[in-house]
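Visitor: Before I ask anything, let me first share the structure, which is written out below as structure tokens.
Quick note: the coordinates plus some simple rules give every number you see, no bench work behind them. This one's a predicted model, so the numbers in the text were calculated from it and none came from an experiment. Don't worry about glycine lacking a Cβ; one is built from the backbone with ideal geometry, like all the others, and counts go over all protein chains shown.
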């Protein structure tokens with residue numbers, strides 16, 4: 001049996017990562033990137049990098065192919081584009097990157113430290129309406145408390 005951490009670490013060996021300051025620089029230089037946010041819709045609606053495309057991890061594979069209800073032509077046609085995948089902490093994005101590489105995407109990278117690191121680096125985040133989310137509010141949204149059951153300390 002393998003663990004979540006082991007799966008993520010295995011993906012890290014084949015999926016490139018960039019840090020928040022690298023992504024901020026690329027965006028400032030207006031490099032042609034597709035920002036792909038693989039968090040759940042409720043997470044994306046609360047706080048995201050402006051201009052990101054939201055494709056939840058659970059429907060990523062059919063979103064990358066024609067012929068499915070979830071198909072997103074922009075994503076299907078992006079196999080040769082530079083794609084930066086983001087999530088809350090940089091784990092789901094690594095898993096998504098591995099899958100996308102297997103599906104023929106040539107230039108996929110994961111945002112190391114995820115949106116938590118982006119926020120820690122004082123980069124702008126927005127809600128679904130385009131309203132800026134201040135860093136303290138974003139921190140609360142990006143760091144939900146874990147229950148005793150989730151920590152494995154219950155009972």
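Visitor: Filter segment 1-22 for residues that are in contact with a strand residue (DSSP E or B) (Cβ under 6 Å, 6 or more places away or on another chain) and outside any loop (DSSP other than H, G, I, E, B) and give the result.
Guide: 16, 17, 18, listed by residue number.
Visitor: While we're looking at this one, here's another question. Assuming residue 150 fulfils every condition listed in (1) loosely packed, with under 15 Cβ neighbours inside 10 Å; (2) in contact with a helix residue (DSSP H, G or I) (Cβ under 9 Å, 6 or more places away or on another chain); (3) over 18 Å from residue 11 (Cβ atoms) apart from one, which condition is it?
Guide: (2)
Visitor: Have a look at 88, 92 and point out the one that is out of contact with any strand residue (DSSP E or B) (no Cβ under 7 Å at 6 or more places or on another chain) and within 18 Å of residue 123 (Cβ to Cβ).
Guide: Going through 88, 92 in turn, just one is out of contact with any strand residue (DSSP E or B) (no Cβ under 7 Å at 6 or more places or on another chain) and within 18 Å of residue 123 (Cβ to Cβ): 88.
Visitor: Here are some residues: 25, 40, 69. Which one is free of Cβ contacts under 8 Å to residues at least 40 places away in the same chain and closer than 22 Å to residue 150 by Cα?
Guide: 40
Visitor: Let me ask something additional. Residue by residue through segment 67-81, note down the ones that are in a helix (DSSP H, G or I) and buried (at least 18 other Cβ atoms within 10 Å of the Cβ). It would help to see each step written out before you state the result.
Guide: Start the filter on segment 67-81 by keeping residues that are in a helix (DSSP H, G or I), which leaves 73-76.
75 - this is the single residue of segment 67-81 that is in a helix (DSSP H, G or I) and buried (at least 18 other Cβ atoms within 10 Å of the Cβ).
Visitor: Hey, residue 132 hits all of (1) surrounded by fewer than 21 Cβ atoms within 10 Å (Cβ to Cβ); (2) within 18 Å of residue 20 (Cβ to Cβ); (3) touching a residue at least 12 places away in the same chain (Cβ under 8 Å) but one; which does it fall short on?
Guide: Among (1) surrounded by fewer than 21 Cβ atoms within 10 Å (Cβ to Cβ); (2) within 18 Å of residue 20 (Cβ to Cβ); (3) touching a residue at least 12 places away in the same chain (Cβ under 8 Å), the lone unmet condition for residue 132 is (3).
Visitor: Can residue 125 be described as surrounded by 19 or more Cβ atoms within 10 Å (Cβ to Cβ) and within 14 Å of residue 15 (Cβ to Cβ)?
Guide: No, not satisfied.
Visitor: Could I ask something else about it? Looking only at residues in segment 43-66 that are in a helix (DSSP H, G or I) and touching a residue at least 24 places away in the same chain (Cβ under 8 Å), which one is farthest from residue 24 (Cα to Cα)? First the steps, then the outcome.
Guide: Filtering segment 43-66 down to residues in a helix (DSSP H, G or I) leaves 43-46, 57-63.
Those left that are additionally touching a residue at least 24 places away in the same chain (Cβ under 8 Å): 43-46, 57, 60-61.
Numbers: 43: 21, 44: 19, 45: 21, 46: 20, 57: 23, 60: 25, 61: 27 Å.
Applying the filter and picking the extreme gives 61.
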